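Working notes, structure below.
The values are calculated or read from the model by the stated rules, or taken from the named source; none is laboratory data. Predicted model only: the values in this text are computed from it and were never measured. Don't worry about glycine lacking a Cβ; one is built from the backbone with ideal geometry, like all the others, and counts go over all protein chains shown.
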Amino acid sequence: MKRLEALEVLARLTEQHPVVVTCAATSRELASVKDGDNHFYLLDSMGLVGSVATGLALSLDDRLPKVVGIEGDGSLLMNPNVLPTGGFLAPDNLLLVLLDNGVYGSTGALPTYSSRVDLERLAAAAGWTTRSVDTVEGLDAAYRELLDVKGPAFLYGRIEEGNAQGIAKLLIDPVSITGRFSRWLRDVHAVNEVTA
Ligand SMILES: [Mg+2]
């Protein structure tokens with residue numbers, strides 16, 4: 001499965017969810033599929049998807065749709081502490097999707113450690129419920145399965161090397177991204193409070 005194919009599935013499945021997305025090619029490709037107000041692109045903030053998503057999950061009402069993080073292997077390996085942190089704090093409403101292509105895809109495709117370090121096992125050892133997929137059908141099914149999990153969930157997706165061609169740079173000001181995401185969160189909360 002290509003990253004863009006995985007992101008097409010995830011964009012559809014996460015329409016009602018807060019989504020924290022890693023920087024560079026992953027953010028650009030997701031925005032090219034769908035640029036939603038529920039997307040929090042962490043531009044230039046490599047390694048922080050797990051941190052931000054865990055913090056959001058802990059701070060949000062867990063009756064709301066789960067917080068979804070979309071992370072890459074190079075970025076996760078920059079800050080692997082997010083796995084024991086999420087496993088220890090164990091929010092019920094956290095789903096971290098790792099799209100592992102085995103390389104630093106946005107910076108020349110040098111290999112990451114993921115060929116010899118099993119990132120799914122690392123997450124499982126830290127207390128996350130995990131599933132592993134390498135097809136879009138598998139991704140769709142495992143995502144739905146993990147939505148029902150109590151505690152932190154980790155969806156390992158094996159993707160092909162390479163970035164989608166012809167994708168525009170994501171030039172939205174990070175302040176604007178934060179503002180629209182915050183407004184979206186407040187609106188969702190308000191609707192939830194009215195209907196609870
Ligand atoms: Mg990668």
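Tell me, yes or no, whether region 154-168 has at least one residue that is acidic (Asp, Glu) and free of Cβ contacts under 8 Å to residues at least 24 places away in the same chain. Looking for residues that are acidic (Asp, Glu) and free of Cβ contacts under 8 Å to residues at least 24 places away in the same chain, one finds none in region 154-168, hence no. Only one entry in Gly157, Gly162, Gly127 is in contact with a helix residue (DSSP H, G or I) (Cβ under 7 Å, 6 or more places away or on another chain), more than 19 Å from Leu42 (Cα to Cα) and part of a loop (DSSP other than H, G, I, E, B), namely Gly127. All of Ser27, Ser45, Ser75 fail the test of being part of a helix (DSSP H, G or I), within 16 Å of the ligand (Cβ to nearest atom) and touching a Cys at 6+ places or on another chain (Cβ under 8 Å), apart from Ser75.
Against the numbered list (1) away from the ligand (no atom under 13 Å from the Cβ); (2) over 22 Å from Leu48 (Cβ atoms), Ile177 comes up short only at (2).
Filtered by the rule that a residue be part of a strand (DSSP E or B) and within 19 Å of Lys2 (Cβ to Cβ), region 100-120 gives Asp100, Val103, Tyr104, Pro111. Any residue at all in region 49-57 that is in contact with a helix residue (DSSP H, G or I) (Cβ under 9 Å, 6 or more places away or on another chain), free of Cβ contacts under 8 Å to residues at least 12 places away in the same chain and under 27 Å from Glu160 (Cβ atoms)? No, there is no match, as no residue in region 49-57 is in contact with a helix residue (DSSP H, G or I) (Cβ under 9 Å, 6 or more places away or on another chain), free of Cβ contacts under 8 Å to residues at least 12 places away in the same chain and under 27 Å from Glu160 (Cβ atoms).
Out of the residues in region 48-64 that are at pLDDT below 95 and part of a loop (DSSP other than H, G, I, E, B), which is nearest to the ligand (Cβ to nearest atom)? This residue is Leu60.
Being of a type in the set (Gly, Ala, Ser), modelled with pLDDT under 95 and farther than 16 Å from Phe181 by Cα is a property that holds for Ser45. Checking each residue in region 130-154 for being in a helix (DSSP H, G or I) and surrounded by 14 or more Cβ atoms within 10 Å (Cβ to Cβ) picks out Val136, Gly138, Leu139, Asp140, Ala142, Tyr143, Leu146, Leu147. Could you list, in sequence order, the residues of region 93-116 that are under 30 Å from Leu58 (Cα atoms), among the hydrophobic types (A, V, I, L, M, F, W, C) and either near the ligand (Cβ under 10 Å from one of its atoms) or loosely packed, with under 13 Cβ neighbours inside 10 Å (or both)? Once the filter is applied, which keeps residues that are under 30 Å from Leu58 (Cα atoms), among the hydrophobic types (A, V, I, L, M, F, W, C) and either near the ligand (Cβ under 10 Å from one of its atoms) or loosely packed, with under 13 Cβ neighbours inside 10 Å (or both), region 93-116 yields Leu98, Leu99. Considering region 78-92, and only residues there that are of a type outside the set (S, T, N, Q) and in a loop (DSSP other than H, G, I, E, B), the residue that is farthest from the ligand (Cβ to nearest atom) turns out to be Asp92.
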